[in-house]
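The structure under discussion appears below in the form of structure tokens.
The values are calculated or read from the model by the stated rules, or taken from the named source; none is laboratory data. Nothing here was measured: the structure is a model prediction, and the numbers come from that model. Cβ placement follows ideal geometry from the backbone for every residue including glycine, while neighbour counts extend to all protein chains displayed. Only protein heavy atoms, including side chains, enter the accessible area calculation; ligands, DNA and RNA are left aside. Shrake-Rupley method; radii C 1.70, N 1.55, O 1.52, S 1.80 Å.
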Amino acid sequence: MTELDSILDRLKAKGERVTIQRRIVIESLCKDNAHLTVNDIQRYLQHEFPEQPLSDTTVYRILQWLKDLEFVSQTDMGTMGTVYQLLQHRHHHLICLTCGAEIEMDDDCLVELRQLIHDKYGFKVRLDHLALYGQCHDCL
Ligand SMILES: [Zn+2]
Ligand SMILES: [Zn+2]
């Protein structure tokens, strides 16, 4: 089963309606499991589905729907802008402010933090996909 099929199945299992518009936005996010801006998504849609143009508003609305369902995360990645990605492979980024190096961080690091926040504040925090800034090993 492809990633796209598994996502569509999970959405249908939740009773969500998957329209053609929703499907093609999900399909664009499945490409290379990428981090995409709304412009990237629009470029993909224009290329793959020229007969099915979507307005930016429609794309935002679909992304919001996927975010609410915890299928997609939204992250401000500084110079890259706001990016969207599927939450299938949960990970985070450490970005060096000095040399710009980018290190992928496992989600394990945040398991305890989520629990701590929940215990202390009774708050279920969503740390879907973080970009944390600082200094890398080499620059230190
Ligand atoms: Zn990422
Ligand atoms: Zn560095």
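By accessible area of protein heavy atoms, probe 1.4 Å, what ranking do PHE71, PHE49 get, highest first?
Details: PHE71 10, PHE49 40 Å².
Listed by decreasing accessible area, they come as PHE49, PHE71.
Pick from TYR44, TYR60, TYR121: which residue has the top mean-square fluctuation in a GNM of the chain where Cα pairs under 10 Å get a spring?
TYR121
Full extension from GLU51 to GLU70: what is 0.36 nm times the residue separation minus their Cα-Cα distance, to one decimal in nm? Don't skip to the answer; put the middle values down first.
Values: separation 19, 0.36 × 19 = 6.84 nm, distance 2.93 nm.
Fully extending the segment from GLU51 to GLU70 adds 3.9 nm.
Using alpha-carbon pairs under 8 Å, 6+ residues apart, how would you state the relative contact order of the chain in percent? Write down the numbers at each step before the final one.
On the way: 154 pairs, mean separation 25.7, N = 140.
Reported as a whole number, the value is 18 percent.
Can you tell me the length gained on complete extension of the stretch ARG23 to ARG61, counting 0.36 nm per residue apart and subtracting the Cα distance? Write out the running numbers ahead of the final one.
Details: separation 38, 0.36 × 38 = 13.68 nm, distance 1.31 nm.
Extra length available between ARG23 and ARG61 comes to 12.4 nm.
For the chain, set up a Gaussian network in which alpha carbons nearer than 10 Å are linked by springs, and say which option among THR37, THR58, THR98 fluctuates the most.
Looking only at THR37, THR58, THR98, the largest GNM fluctuation is found for THR98.
With a 1.4 Å probe and every protein chain kept in, tell me what percent of the accessible surface of the stretch 33-140 is carbon plus sulfur.
With neighbouring chains kept in place, the figure for the stretch 33-140 is 53 percent.
Where the centroid of each part is defined by its Cα atoms, how far is the stretch 82-112 from the stretch 13-72 in Å?
22
With the cut-off at 1.5 for a/c, could you classify the stretch 88-140 from its C-alpha gyration tensor as rounded, prolate or oblate? Before the final figure, lay out the partial values.
Values: a/c = 3.02, a/b = 2.07, b/c = 1.46.
It is prolate, given that a/c is not under 1.5 and a/b is the larger ratio.
Let me know the shape class of the stretch 23-140, please: from the alpha-carbon gyration tensor, a ≥ b ≥ c as square roots of the eigenvalues, rounded when a/c is under 1.5, otherwise prolate if a/b is greater than b/c, or oblate. Before the final figure, lay out the partial values.
Working: a/c = 2.66, a/b = 1.47, b/c = 1.81.
Oblate, because a/c is 1.5 or more while a/b does not exceed b/c.
Using a 1.4 angstrom probe, figure out how much accessible area the chain has per residue, in square angstrom, rounded to the nearest whole.
Values: 8760 Å² over 140 residues.
About 63 Å² of surface per residue is accessible.
Could you check what % of the DSSP bridge pairs in the stretch 2-140 are antiparallel, to the nearest 5?
On the way: 11 of 15 bridges.
Percentage antiparallel, nearest 5: 75.
Let me check I've understood the local charge: for GLU48, count other residues with C-beta under 13 angstrom from its C-beta, Lys and Arg +1, Asp and Glu -1. What total comes out? Don't skip to the answer; put the middle values down first.
Numbers: positive: ARG23, LYS31, ARG43; negative: GLU27, ASP40, GLU51.
Cβ neighbours under 13 Å give a net charge of 0.
Compute the Cα gyration tensor for the stretch 54-96, then decide on rounded, prolate or oblate, letting a ≥ b ≥ c be the square roots of its eigenvalues: rounded whenever a/c is under 1.5, prolate when a/b is larger than b/c in the other cases, and oblate in all that remain.
On the way: a/c = 3.32, a/b = 1.41, b/c = 2.36.
Oblate.
Could you give the dipole magnitude of the stretch 47-116 about its Cα centre, charging the beta-carbon of Lys and Arg +1 and that of Asp and Glu -1, in debye to the nearest 20? Before the final figure, lay out the partial values.
Working: 4 positive and 12 negative charges, 39 e Å.
Rounded to the nearest 20 debye, it is 180 debye.
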